[in-house]
Amino acid sequence: NDFGTVDENKSTWNNYRNRGQDLQEPQSIIGGIRNSDPFNWGYDPVHLFTPEGSYAEAPNGASRIYEVRQMVQSINRLGLRVVQDVVFNHTYQSGFDRYSVLDRIVPLYYYRLSPEGKAYSTSCCPDTASENRMMEKMMIDAVVYWARTYKIDGFRFDLMSFHSVKTMAKIRQALLTLSLPHDGVDGSKILLYGEGWNYGSYFDTNPREAMTIENSYGTGYGFFNDRLRDAVRGGTTNSNEKSDQGFATGLFFDFNQEPANKNTPPDLNSQRGKLLHLGDVIKVGLAGNLRDFRFQEHLGQVIKGIDLRYRNQPVAFAAEAIETINYVSAHDGYSLWDAVQAKAPYQARGRSPSTATAEDRQRMQQMALAIPMLSQGIPFIEAGSELLRTKNGDQDSYNSGDYFNRVDWTGQENFWGQGLPPAWKNLNDWNFWRPRLQAPELQVRPEHIQATKKYFLSLLKVRQSSDLFKLNTLQRITNHLKYIDTANGAGSEPGLIGMLLEGSQENLQIFFNVSRESRIFKHPVLQNSWALHPYLNAEVDPVLSQVVMKSDAKGIQIPGRTTVILRRSR
């Protein structure tokens, strides 16, 4: 919807597309024009019921309305659906500022006020007060309006913790009343999801009522699963932890020895224990992050998902898998490829070679993408992750122009090494990124990009082809999903997850091996006739040619840094 930071008059726009003479030049030039270029994420809403004019071919008059309706219709005809990212937790400005709207209608009513009578701005800008009836009503009316008028298929809510569970339930209920005969849209098919982080002016005083991950059970909304994200990648989205390794990025098996690490134990024995723990977190996520899902953790105890702790918080929170958005990167923080570039070994002592190759890093990326794609719940993939998209280490690219946010959809390059990340967000990290951006061995070739794209499209085919990735309910997931790497009561091997999915039409075995080396896994279920999944075989990933089935010994050889999917028809 309409936002304030891009002028709708295109003749005023400045832009930067040239490659700089040195690493520092692009961000310097962009820094001077970033408030007059056409790029911004648009998290600065002005009019909640109006389409943004800077996207329109003809922004004046009714044309922008027609264009959005035409766009949604065209996308739907391609067999795709459209999600709108909505921001109700703040407005761009308030008071008597130029883009203030609500305070000009009823001063001080629509905003959450401090005891001194000033609007809180814990979101970044003036925080709206959805606990006030008319602000809540405006949110409900806006969502219904966009669904009914523009046939929007889903809504992604920014910072839901700034609203109450009750308010978000009213929005869902209002959408459920929409029907094809009366409204031209089936409200029961509209997807609802968003952020539920524990912070903000509403959460600070109403932690039990706020729409957070911990309060999400049974709401029907999807919540971004940062537990799985951080376990797969390592560290958090905080730039201080950019080099800390996780399940898919080399922890224990390929220690980076990076001095910048903040939460990675330096001794391998402790890393082994951490890797086993991260494997448990990922197992819960693969099962839809269900609160009551029971599984055997790496120490041999059978526990529920909610009983597993991660960063002193329960891992699991969902009643159904649809309440979980499994992902490894989004627009926030580093792109997945930049996270891999930060975490993979770089000039590590005693390693041969001392720096992980482009192929090593590509396989880390593929492993990280495979985990959400093969999980229960809703997989969420950041645009360009299948093309090794980089932002050159920019941790917050909302106003970094097309230059740092571009994607080469032809897959010929990913633009790594074409500029230091913008100083206004990343200056303190320049010494970390500069040598990596200049290192030839961290560059990728078109074949790396094309291979990752082919791999990702194969994951899409695997997921689409089977109902075993759409189990959703606790009962069905419990009945059809088992972890076989701990089935005999023994502790897990670090960096290895074995998952069995049993259905009426087919059975699937999925193995994630993050070790650099091949490993042998044995289990009685392997004595049956299994074959590599036809959509993920050696033609897609040549390393899968190293898979060796040992039916007589009830075992399988799983290549290093590889996801293996075995299929057996029933």
Would you report the distance distribution of C-alpha pairs in the chain as whole percents per 20 angstrom bin, up to the bin with the largest distance? 20, 53, 26, 1
If amide H atoms are built 1.01 Å from N in the plane of the peptide, which residues on other chains or at least 5 residues away come under 5 Å of the amide H of residue 308? 315, 316
Per-peptide average of other Cβ atoms within 10 Å, ordering 118-125, 99-106 highest first: 118-125, 99-106
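Mean shadow of region 281-382, computed from the convex hull of its alpha carbons, in nm²? All intermediate terms of the calculation are to be shown ahead of the outcome.
On the way: hull surface 32.3 nm².
Dividing the Cα hull surface by four gives the mean projection, 8.1 nm².
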Along the charge dipole of the chain, Cβ charges K/R +1 and D/E -1, which of 142, 326, 419 sits furthest on the positive end? 326
Positive-end residue, region 35-162 charge dipole about Cα centroid, Cβ charges, pick of 94, 124, 66: 66
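Order of 365-374, 127-136, 64-73 by packing, highest average Cβ count within 10 Å first?
Numbers: 365-374: 24.0, 127-136: 20.2, 64-73: 15.7.
Descending mean neighbour count gives 365-374, 127-136, 64-73.
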Bin width 10 Å, origin at 0, all Cα-Cα pairs of region 93-214: what percent of pairs per bin? 13, 39, 33, 13, 1
Going through 391/482; 170/391; 453/482 one by one, the pairs whose alpha carbons sit over 31 Å apart turn out to be 391/482; 170/391
Output the DSSP H helices from the chain with an along-axis C-alpha extent of no less than 20 Å and a mean Kyte-Doolittle hydropathy no less than -1.0. 63-77, 133-150, 268-286, 358-373, 446-465
Going by average Cβ density within 10 Å per residue, which order do the peptides 416-422, 188-194 take, highest to lowest? 416-422, 188-194
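How large is the charge dipole for the chain, taken about the Cα centre, if only the Cβ atoms of Lys, Arg (+1) and Asp, Glu (-1) carry charge, to the nearest 20 debye?
1340 debye
For region 62-128, calculate the relative contact order in percent as a whole number, restricting contacts to Cα pairs under 8 Å that are 6 or more residues apart. Numbers along the way, then the final one.
On the way: 61 pairs, mean separation 17.4, N = 67.
For region 62-128, the relative contact order is 26 percent.
Find the Rg to Rh ratio for region 37-90, where Rh is the Kirkwood radius over alpha-carbon pairs and Rg uses the same atoms.
Numbers: Rg = 12.4 Å, Rh = 12.7 Å.
On the Cα set of region 37-90, Rg over Rh gives 0.98.
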Please report the equivalent ellipsoid semi-axes of region 149-190, computed as sqrt(5 x eigenvalue) of the Cα gyration tensor, largest first, in whole Å. 22, 12, 6
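Beyond 20 Å, what percent of the Cα pairs of region 502-570 remain? Display every interim value, and only then the final one.
Details: 538 of 2346 pairs.
Percentage above 20 Å: 23.
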Using only the alpha-carbon atoms, what does region 422-570 span along each of its principal axes? Please give whole angstrom values in decreasing order. 56, 35, 33
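Let me check I have the definition right: for region 1-114, take the eigenvalues of the Cα gyration tensor, multiply each by 5, take square roots. What are those semi-axes in whole Å, largest first?
Semi-axes from the Cα gyration tensor: 27, 24, 14 Å.
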Can you give the Rg and Dmax of region 209-301 based on its C-alpha atoms, in angstrom? 14.9, 43
For the chain, what is the calculated [θ] at 222 nm in deg cm²/dmol (nearest 500), taking -39500 (n - 2.57) for each run of four or more DSSP H residues and dividing by its residue count? -8500 deg cm²/dmol
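Assuming 0.36 nm per residue, please report the length gained on full extension of the stretch residue 402 to residue 7 beyond their Cα-Cα distance.
Details: separation 395, 0.36 × 395 = 142.20 nm, distance 1.57 nm.
140.6 nm is the gain from fully extending residue 402 to residue 7.
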In the structure shown, of 470/550; 137/189; 274/304; 304/554, the pairs separated by more than 25 angstrom at the C-alpha atoms are 470/550; 304/554
Using a Förster distance of 41 Å, how high is the FRET efficiency between residue 209 and residue 548, based on the Cβ-Cβ distance and rounded to 0.05? 0.15
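We did not get these values from a lab; they are worked out from the coordinates using the rules stated. Predicted model, so just to flag it, every value in this text is computed and none were measured. Every residue, glycine as well, gets a Cβ built from its backbone with ideal geometry; the counts of neighbours run over all protein chains shown.
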